[in-house]
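Undergrad: Structure in structure tokens, see below.
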Amino acid sequence: MSTNIVPLSPTARFLATQLSSKTFHPNILLPKHLIKPFLTSESEITYVNNISSLNSFERKHKFSASSTKYLDYLSKIGNDISSFSSNHTSTSQISIILPSSQLNPIFKSELIQFIPPPNSDIILLNPYFGQVEKYIESISDSLSLINPPRFWSIISTHQLTNAPNWGVKHQSIGEFKISSISSFTKNNNSDIDLIKNSNIIKKIFNTSTLIPQFQSNLQTNLLLVEQLIIEAALFPIIHLNKSKSKNILEDKGDNYNSIDLNFSKKSLIKNIINESIIILKNHQLFNISKNDNLLINAILSEDRIYKYILNLIETNQIRKFNNSNLTNEKIIIRKDPNDEETDIILPIRNESRANSFIFKLGLQYNISSPANKYVCDEFGNEYI
């Protein structure tokens, strides 16, 4: 089994360090221009356990590294379907694990159009709603019918941040929510069979420090949609101080629990939630889940989401929500360990574009969303 991890997010580096052992050595996969900085750091990723200030520690893990050009070779395998038979053994399984922010830069760049080979596993970490399915749909015609690749998403609720160079700091314990993606694929196996056939997923489930939990793809999509709606509704509040739109919410500094939402402000938030629910329920990922309408309606309840948002504001958790979900992920990489002024800051995740995503999706379905459009217009291109 060959396991390759793109360590360009705290979650990816956390996973690499937890999987690494004397008997299991994941390979680090990086764009060519980042190979040298990684080797300069002695090919190490440092795991910093900061869960308890009374028992903090750090542990260094050494990895081999390859350029993402390796994907060219794998794509040739994927295209050469005739070289694989139904007897293709599980010992030759290849897995690629990467952050959602690196899906297009690495898998769909000008230099690489990656086609997963048969019997491989593609694992996307912390994807946004519909991202994995959209990618699978774009390459579905090229996928093998014999031993088709398996696609997975992992949502991490561990609180992880960047540590110096290639480090990751573990601040609080969460879970790894794992789900298989069967939509648009040529793999008709059950979830249980998919897990049985995947060595890397079994390895993740056997790694107790990750606290892995399996959930259905519908549950994952509902979680991602809920987060998307909350981000859209909170956006005007989170970025208030950076905007000229003081008429949306009063500027009360960082003391968010003192915000007194008047009628018009509550209406804006409610309208964003209502528009978002109507539009997102029309998404094809929910159209294929008609038998689960009761669950979908219970999760995507305007009243429930609105009360949750008010609770975030009233309990002063809005800053915590912002820090854990909406901020840019950056890695500071030092070209020369002896020169403190040669840091490279690599942006990993863009600002939240929830309102823009929902507004544009509404245009596709011919559903108007004036509240989301209002936020987009007010904040302009600086954030949207």
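Undergrad: Criterion first (within 30 Å of Ile139 (Cα to Cα), modelled with pLDDT of 90 or more and not aliphatic (A, V, I, L, M)) does Glu231 satisfy it?
TA: No: the conditions fail for Glu231.
Undergrad: In addition: Is segment 156-179 home to any residue that is at pLDDT below 90, out of contact with any Lys or Arg (no Cβ under 7 Å at 6 or more places or on another chain) and assigned by TED's automatic domain parsing to the domain that holds Ile96?
TA: Yes, because at least one residue in segment 156-179 is at pLDDT below 90, out of contact with any Lys or Arg (no Cβ under 7 Å at 6 or more places or on another chain) and assigned by TED's automatic domain parsing to the domain that holds Ile96.
Undergrad: Select from segment 46-64 the residues that are surrounded by 13 or more Cβ atoms within 10 Å (Cβ to Cβ), out of contact with any Lys or Arg (no Cβ under 6 Å at 6 or more places or on another chain) and hydrophobic (A, V, I, L, M, F, W, C) and write down the one among them that is nearest to Ile173 (Cα to Cα).
TA: It comes out as Ile51.
Undergrad: Only one of Ser43, Ser21 is assigned by TED's automatic domain parsing to the domain that holds Pro127 and loosely packed, with under 15 Cβ neighbours inside 10 Å; which?
TA: Ser21
Undergrad: Give Ile81, Ile5 a once-over and let me know the one that is surrounded by fewer than 19 Cβ atoms within 10 Å (Cβ to Cβ) and either closer than 21 Å to Asn162 by Cβ or at pLDDT below 90 (or both).
TA: It is Ile81.
For (1) closer than 19 Å to Ser144 by Cβ; (2) at pLDDT 90 or above, each residue gets a yes or a no:
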residue: Ala12; (1), (2): no, yes
residue: Ile28; (1), (2): no, yes
residue: Ser41; (1), (2): no, no
residue: Lys69; (1), (2): no, no
residue: Lys76; (1), (2): yes, no
residue: Ile97; (1), (2): no, yes
residue: Ser109; (1), (2): no, no
residue: Ile112; (1), (2): yes, no
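Residue-wise test of (1) at pLDDT 75 or above; (2) among the β-branched types (Val, Ile, Thr); (3) surrounded by fewer than 17 Cβ atoms within 10 Å (Cβ to Cβ).
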position	(1), (2), (3)
Ile269	yes, yes, no
Ser276	yes, no, no
Lys281	yes, no, yes
Tyr306	yes, no, no
Asn322	no, no, no
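Undergrad: Right, here's the next one. Taking segment 148-200 only, how many residues are aliphatic (A, V, I, L, M) and without any contact (Cβ under 8 Å) to a residue 12 or more places away in the chain?
TA: Final tally of qualifying residues: 1.
Undergrad: Mind listing whichever residues of segment 283-304 are surrounded by 14 or more Cβ atoms within 10 Å (Cβ to Cβ), at pLDDT below 85 and of a type in the set (S, T, N, Q)?
TA: Ser289
Undergrad: Exactly one condition in (1) outside any loop (DSSP other than H, G, I, E, B); (2) modelled with pLDDT under 90 is not met by Glu250; state its number.
TA: The single condition Glu250 does not satisfy is (1).
Undergrad: Sticking with this one: Lys177 fails exactly one of the following numbered conditions: (1) within 23 Å of Ile5 (Cα to Cα); (2) part of a helix (DSSP H, G or I). What is the number of that condition?
TA: Status for Lys177: all satisfied but (2).
The values are calculated or read from the model by the stated rules, or taken from the named source; none is laboratory data. Just so you know, these numbers come straight off a predicted model, no measurement behind them. Quick reminder, even Gly has a Cβ in these numbers, built from the backbone with ideal geometry, and neighbours come from all protein chains shown.
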